[in-house]
Amino acid sequence: MSDATSTHVAPPVLAVDVGGTKLEVGLVGESGEVLTSARTATTGGSGDELFATLAGLIDEVAGPGFDGLAAKHRAGGPPVVCGVGTGGPMGAHGEWVSPLNIASWREFPLRQRLADHTGIPVFVDNDAKALALGEAWVGAATDQRNFIAMVVSTGVGGGIVLDGRLLDGADGNAGHIGHVIVEPEGQPCVCGAVGCLEAETSGTAIAKITGAPAAEASPEVRRRTGMLVGRAVASVANLLDLSLALVAGSVALGYGDDFFSAAQAELDDRCRINHALGAKIAPAGLGTEGPLVGAAAVGRRGLGLPVGQIVEWR
């Protein structure tokens, strides 16, 4: 006889975050809580070798074939879906990915490889779009229908929610604020353009410009980084009639007040049209758990499960 007082616990989502610096895998519960996780450095070598590292991390977290997962984690059974956040660009539905900061993955069939390895449905999206979903689900944007979420880290990306809908674009690449031009005569970008936000403010770019790790940047560099991010956000706010930017990533969060004060000052200076007046830029609410919670939200969205106030196009 079943226990009448027991409550149903939904299976967790297998969440995968693929970054230029680190790979992270976790199990995320139905309320957005990270139940367990593991990470490792994004290594060099071939695309297959990098995927083998990722597959090993999945096995470490969930067990090969998810053996014994329910008993070990008491999480409602093994995961039934995998959500992935990764750098782009990518093909439609994440069938292939070509993260600019992972040279060994060019048109790499990540979704299918993960589906073959895990045996469960896999949904792939841009990591910053994943962050936007996570912030709308259980983060700092649960009451917002119009905002941009950004990652300023090894690279720079964005995800835009407008009228409660996550913007996808033709192939899922909408929101790439990292390739808005902020310095027309600036640094060459890995995408092939010059003066992109990513080429001026990513951790990789800052290290190249200054000759030192981004974490050691001077207050002047930290403020300039924030200023340029504020400049890009102002263009988005003016264009799309939104008034909130939530920023995560090791550069933005690591630079703290220097970054956010300069970004807000630039935003105030550049947002002069009536509908963008008062636009705000603030740290994302999910902190270091944002990438995994966001990836889980991608999986939930793929299955048609609720993700805060996010609605789909009809």
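Every number here is computed from the coordinates shown, using simple stated rules; none is lab data. Keep in mind it's a predicted model, so treat the numbers as computed, not measured. Note: ideal-geometry Cβ built from the backbone for every residue, glycine included; neighbour counts use all protein chains shown.
Can you give the extra length, in nm with one decimal, that the chain gains between Ala212 and Leu277 once fully stretched, where that is 0.36 nm per residue apart less the Cα-Cα distance?
Difference between extended and current length: 19.7 nm.
Which value, in debye to the nearest 20, gives the size of the charge dipole of the chain about its Cα centre, when Lys and Arg are +1 and Asp and Glu are -1 at the Cβ?
Details: 21 positive and 34 negative charges, 54 e Å.
So the dipole magnitude of the chain works out to roughly 260 debye.
In debye to the nearest 20, how big a dipole does the stretch 140-285 give about its Cα centre with +1 on each Lys and Arg Cβ and -1 on each Asp and Glu Cβ?
Once rounded to the nearest 20, the dipole reads 100 debye.
May I ask you to derive the FRET efficiency for Ala265 and Thr288 from their Cβ-Cβ distance with R0 = 22 Å, giving the value to the nearest 0.05?
Calculated value: 0.25.
Set the Förster distance to 30 Å, then compute FRET efficiency between Leu303 and Leu162 from the Cβ-Cβ distance, nearest 0.05.
E between Leu303 and Leu162, to the nearest 0.05, is 0.85.
As I understand it, the dipole of the chain uses +1 on the Cβ of Lys and Arg and -1 on the Cβ of Asp and Glu, about the Cα centre. Which of Val25, Ala170, Cys189 lies farthest toward its positive end?
Going by the charge dipole, the pick is Ala170.
Which stretch or stretches of the stretch 82-126 have amide N atoms under 17 Å from the point lying 7 Å from Thr40's Cα along the Cα→Cβ direction?
Inside the label zone: 104-105, 114, 117-118.
Taking amide hydrogens as modeled 1.01 Å from N in the peptide plane, which residues meet the under 5 Å criterion relative to Thr154, leaving out close sequence neighbours?
Amide H neighbours of Thr154, under 5 Å, 5+ apart: Gly203, Ser250.
What ranking, highest mean first, results for peptides 125-134, 37-46 when packing means the other Cβ atoms within 10 Å averaged over each residue?
125-134, 37-46
Taking amide H positions as placed 1.01 Å from N in the peptide plane, with prolines and chain starts having none, which residues 5 or more places from Leu244, or on another chain, fall under 5 Å of its amide H?
Ile148, Lys280
Could you give the nm distance between label points at Ala92 and Gln187, where each point is 7 Å from its Cα heading toward the beta carbon?
Label-label distance for Ala92 and Gln187, simple model: 3.5 nm.
State which helices in the chain qualify, where a helix is a whole DSSP H run, it must extend 24 Å or more along its own axis by its Cα atoms, and its mean Kyte-Doolittle hydropathy must be at least -1.0.
219-240, 250-270
For Asn126, enumerate residues with amide H under 5 Å from its amide H, sequence gap 5+ or separate chain, H modeled in the peptide plane.
For Asn126, whose amide H was placed from the backbone, the distant partners under 5 Å are Thr86.
Taking loop as defined by DSSP and a crowding limit of 15 other beta carbons within 10 Å, which chymotrypsin sites (Phe, Trp or Tyr not before Pro) in the stretch 226-314 fit?
Answer in residue order: Trp313.
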